[in-house]
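Computed from the coordinates by the stated procedures, all read-outs in this text should not be read as laboratory data. Note that the coordinates shown come from a computational prediction; the quantities given were computed from them, not determined experimentally. Virtual Cβ from ideal backbone geometry, glycine too; neighbours counted across all protein chains shown.
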Amino acid sequence: MLSPDGHGSSCGLIDRFGRHVRYLRLSVTDRCDLRCVYCMSEHMTFMPRRELLSLEELERLARAFIRRGVTKIRITGGEPLVRKDIMRLFAALAPQLSAGDLRELTLTTNGTRLAHFADDLARCGVRRVNVSLDTLDLDRYRSLTRGGSLADVLEGIEAARSAGLAVKINVVALRNGTEVEVDHLLRFAHDRGMTLTFIETMPLGDVGVDRIDQYLSLKQLRRLIESRWTLSDLPFRSGGPARYARVAETGGMIGFITPLTHNFCEDCNRVRVTASGILHTCLGQEDAVDLKAVMRRSQDDTELVRAIDRAIRDKPRGHDFAIERNGTLPALSRHMSATGG
Ligand code: SAM
């Protein structure tokens, strides 16, 4: 029987607003080898290692979500590829892909270690990868990431493409930077057949600077792009907040993710679990359910499934992010790196 969202199989995870949750973003660490200025403060305190879910617990959690109808899992962080033995998790979930219970297993990465892992990821059934890359300028990259090496990321992107992975480039739009580089980024991505997606900075976690100074509205950025390129909106949806346009001159796609100027919460089909097993059913609200505690209480999954079902039923209608000139206090105390970007 077809479920109301047309996915074929029935989905057990439906919230009070009738939204079907089929997409899990699973964070495997809050640590990262970069310190992007909009994401982390320079001296971050990370969670104690004992708080982290083990790889076995991550797998158990993923399987519980799959059993309840989740068909897409994105492994994220922090930087997922810095988690020790992370390929064991991908390998453990690969059979779920072959069996068709999971339609997509993917990851979001900063790309610094992608050259090392691209072939293994492809072997585990990963077909697409999102790489976060905000600039193609060596010095700006080093300064935005507080010390990262652009060469490593470029090498990672090439390795992913050679391994047959489709690569999407995610750029956080930052004032006094992205405007200058937008053409270069667009050509870089589209010359290689990669979609380029811009994201508005979201007020998540204290990063030690006033976010209003970083914020560049995508409305403004799009106007700038349209002054030089011909965009036509596409009906294509990835089930997420991105809206896409085709660039006539390159044939490639640009995505725009605008949590601040628009939110698309009515279509939201996703939830997030942190590396310590906290389930957040909305990126922009403080709701939280401790699945680690539930898992560690019993080896049987009955209570775990019940806790997941209950949390999904209570998924908030949406978020209400705002950036105001009110000092450095963020709208939410959680960093993106802790929630799982
Ligand atoms: N380390 C991986 C990466 O770099 O893609 C995965 C985690 S990272 C937190 C996921 C995404 O969140 C990255 O594209 C990053 O640029 C984005 N991000 C982090 N903080 C953000 C913020 N405050 N607003 C918007 N995007 C943010």
Is the shape of segment 213-260 rounded, prolate or oblate, going by the alpha carbon gyration tensor and its root eigenvalues a ≥ b ≥ c, with a/c under 1.5 for rounded and a/b larger than b/c for prolate?
oblate
As a test, work out the antiparallel percent of DSSP beta bridges whose residues both lie in the chain, rounded to the nearest 5.
30 percent
Each label sits 7 Å from Cα toward the beta-carbon; between Arg128 and Asp85 the label points are separated, in nm, by 3.1 nm
Among the trypsin sites (Lys or Arg not before Pro) in segment 118-162, which ones are in a DSSP loop with at most 15 other Cβ atoms within 10 Å of the Cβ? Mind listing them?
Arg127, Arg146
What Kirkwood hydrodynamic radius do you get for segment 39-186 when you take the inverse of the mean 1/r over all pairs of distinct Cα atoms, in Å?
16.6 Å
Could you tell me, in Å, what Rg and Dmax come out for the Cα atoms of segment 71-117?
11.1, 31
Mind checking which lysines have their C-alpha under 28 Å from Lys84, skipping anything on the same chain fewer than 8 residues away?
Lys72, Lys168, Lys292
What is the dipole size for segment 50-117, taken about its Cα centre, with +1 at each Lys and Arg Cβ and -1 at each Asp and Glu Cβ, in debye to the nearest 20?
100 debye
If the viscosity is 1.567 mPa s and the temperature 4 °C, what translational diffusion coefficient in µm²/s does Stokes-Einstein give for segment 115-198 when Rh comes from Kirkwood over Cα pairs?
98 µm²/s
Would you mind working out the magnitude of the charge dipole of segment 77-198 relative to its Cα centre, with +1 at each Lys and Arg C-beta and -1 at each Asp and Glu C-beta, to the nearest 20 Debye?
300 debye
Given unit charges at Cβ for Lys, Arg (+) and Asp, Glu (-), the dipole magnitude of the chain about its Cα centre in debye, nearest 20, is 720 debye
Normalised by the empirical 2.2 N^0.38 Å for globular proteins, what value does the Cα Rg of the chain take?
0.95
